[in-house]
């Protein structure tokens, strides 16, 4: 009997931990804006259309306003295997891609598969399981999944290109923070270190898979209903990295109360045992120059910088069921303060 295929062995990095480091990414896209003539094309076709959210602050998706009541949200997200089970990986990748639309306060409408597959190395039956996982999650989200694009590649990668709708008045962005607002986090941290342990040892962590396959739909709806207008999702740059982007875009300081941050069972033990990805360490290095770590030890710092895959929403406001982990303060010496 053949041994089960361990998909994570074909990945240089796991899930969102395989992102280009945030500092390098910012340098790469610096100065890039809309293509010449893009605004004229939009106005010519839609009359009142304009780009509400683009590259300025690194928000989770782009948003184009069609009229006073309708905006189109568009995003793409794909990554290498984060777990060995093909079906679960498909579910996780699809949940993660849809999250970008939810993070903007929108609802996904239609998605396309993005699949890279080493067809001479891994059986196509496994690719089918990945696609089945994506299909099932899209169905749960009420999002059409209509075809997509595939390439023969040297390593497996999967995700979605997603288009959704949002009301411009309900748009959630990085730059809409106000001093005094509380910060809430809708999912516990720790999937990064648990996935790294899984990749190394083969141990399974069902709680982590459950977190990564939980849609941010209900959290997004609750945030919109509560009047939240500032937020993001927490993925490959870790809580500290995404909080830093929010702080900079809103020109405020983010204060995080370490003791209030929730973690998945086994996350601290995984850090203790050394299962920390290179992406998480790069996240921590990136935020260090403008962070006051207070009394936070190395384990806390690494967990707060842990590269999440399909993480929760970090929102400026309070929503039911989500712990308040900090607040927004007037801009001071540091953009991030741990206390």
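The values are calculated or read from the model by the stated rules, or taken from the named source; none is laboratory data. This one's a predicted model, so the numbers in the text were calculated from it and none came from an experiment. Positions of Cβ are generated from backbone atoms using ideal geometry, with glycine treated the same way; all protein chains shown enter the neighbour counts.
Points worth noting:
- Scope the range 169-199; condition in a strand (DSSP E or B) and surrounded by fewer than 20 Cβ atoms within 10 Å (Cβ to Cβ); matching residues: 182
- Per-region count, the range 214-235, residues assigned to a helix (DSSP H, G or I), under 20 Å from residue 180 (Cβ atoms) and under 16 Å from the mean Cα position of the chain (by Cα): 0
- Condition met for residue 287 (outside any helix (DSSP H, G or I), touching a strand residue (DSSP E or B) at 6+ places or on another chain (Cβ under 7 Å), at pLDDT 95 or above and in the same structural domain as residue 312 (by TED's automatic domain parsing)): no
- Top-ranked residue in the range 134-168 [being assigned to a helix (DSSP H, G or I) and in contact (Cβ under 8 Å) with a residue 60 or more places away in the chain; ranked as nearest to residue 327 (Cα to Cα)]: 168
- Residue match in the range 236-243 (condition: in a loop (DSSP other than H, G, I, E, B) and surrounded by 23 or more Cβ atoms within 10 Å (Cβ to Cβ)): yes
- Test: residue in the range 86-99 that is surrounded by fewer than 21 Cβ atoms within 10 Å (Cβ to Cβ) and under 19 Å from residue 139 (Cβ atoms): yes
- Just so you know, in the range 221-234 the residues that are out of contact with any strand residue (DSSP E or B) (no Cβ under 6 Å at 6 or more places or on another chain) and over 17 Å from residue 62 (Cα atoms) include one that is surrounded by the fewest Cβ atoms within 10 Å (Cβ to Cβ), and it is 227.
- Among the candidates 84, 59, the residue that is assigned to a loop (DSSP other than H, G, I, E, B) and at pLDDT below 95 is uniquely 59.
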